[in-house]
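Beneath this line is the structure, given in structure tokens, with notes to follow.
Only the coordinates and a few stated rules stand behind these numbers; no lab work does. What you are looking at is a predicted structure, and each value in this text was computed from that prediction instead of being measured. We place every Cβ from the backbone using ideal geometry, glycine too, and count neighbours over all the protein chains shown.
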Amino acid sequence: MLWENTEDSHSQLVSSAMTVNRFEEILSILHLADTTKLDLNDKMAKVRPILSMLNERYLQFWPASQNVNVDKCMIPYYGGHSAKQFVRGKPIRYGYKMWCLNTPDGYLIQSESYQGQGSVSLKPSLGMGGSVVVDLFSELPAQGFHVFTDNLFTSLALISELRVMGRHGTGALRANRTAKCKLTLPQGMKKQPRGTMDYQLETTKIWVHTPTIRSKKCWWPIFRFTIGKLLKTDQLNNKNNDAKHLYSAFTKSLKRIRQQ
């Protein structure tokens, strides 16, 4: 690509340094690890040294941020390899799946490849998703971070584990992972008027807040978060029920608005 004679891809620096044939010759004999000492249980053993070095450099030059997120990404690859994955319905369906810890600006802090079932050091109480989050977090300082995750990773056990570690977590939670938290089920929420919300508070372990909200307004998530914060603070500090009265007044206002 860098040797193509097109304005958007040609690189004079690269093409003047070596020819494409020379580059492909070097690439064909390039090794990143000692092939006589490979870990047979690691499908990425041949590139493990450079993956480890990159993770070290990511941490070294990391623009420290309190808020981070964990997600997955795909590296396109259409050849044959035992670690190649197929993800239906995604823009990149074939390739290597990577677990990534990122900052809100898109800086990659840590990454690890998914090599199939059994490749993740599972903690039975957390499952695969929660174990991935804890593993990626293991290289960061002990406290002071807030991680955001999607419903692949989030569970009540993970949020509790993060709290024990001195960290905070926010994520989308699947309906079948609410444990004994008595929230309105999605089927019941769909029958409610638009704008209906549900919440539960936990003063000793975790806080589960508004898993479903019936509204398309862009400001709803912000207001929902604010009300939840007020309710939580009010309950934890054992103060008067001002926040609950505010929430009650708000819901009554919604009813009046819908009747107009």
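Overview of results
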read-out: Nitroxide proxy distance, nm - points 7 Å out along Cα→Cβ at Leu13 and His168; value: 4.1
read-out: Charged-residue dipole, Cβ positions (Lys, Arg, Asp, Glu), segment 43-177 about Cα centre, Debye nearest 20; value: 540
read-out: Estimated FRET transfer efficiency when R0 is 22 angstrom, pair Glu56-Tyr94 (beta carbons, to 0.05); value: 0.15
read-out: In order through segment 87-102: 3J(HN,Hα) via Karplus (6.51 cos²θ - 1.76 cosθ + 1.60), integer Hz, x for Gly, Pro; value: 10, 5, x, 9, x, 10, 8, 10, x, 8, 8, 10, 8, 10, 10, 10
read-out: Nonlocal amide H pairs with Gly169, under 5 Å, H built at 1.01 Å; value: Val147
read-out: Rounded, prolate or oblate (a/c below 1.5 giving rounded, otherwise prolate when a/b exceeds b/c) for segment 43-177 by Cα gyration tensor; value: oblate
read-out: Environment charge of Ser131, counting only residues whose C-beta is closer than 12 Å and scoring Lys/Arg +1, Asp/Glu -1; value: -2
read-out: Placed amide H near Tyr199: partners under 5 Å, 5+ positions off or other chain; value: Thr210
read-out: Backbone HN-Hα couplings from phi across segment 22-29 [Karplus 6.51/-1.76/1.60, Hz, Gly and Pro as x]; value: 5, 4, 5, 5, 5, 4, 5, 10
read-out: Segment 94-136 shape via C-alpha gyration tensor axes, a/c threshold 1.5; value: oblate
read-out: For Ile109, residues with placed amide H under 5 Å, excluding near neighbours; value: Leu101, Asn102, Thr103
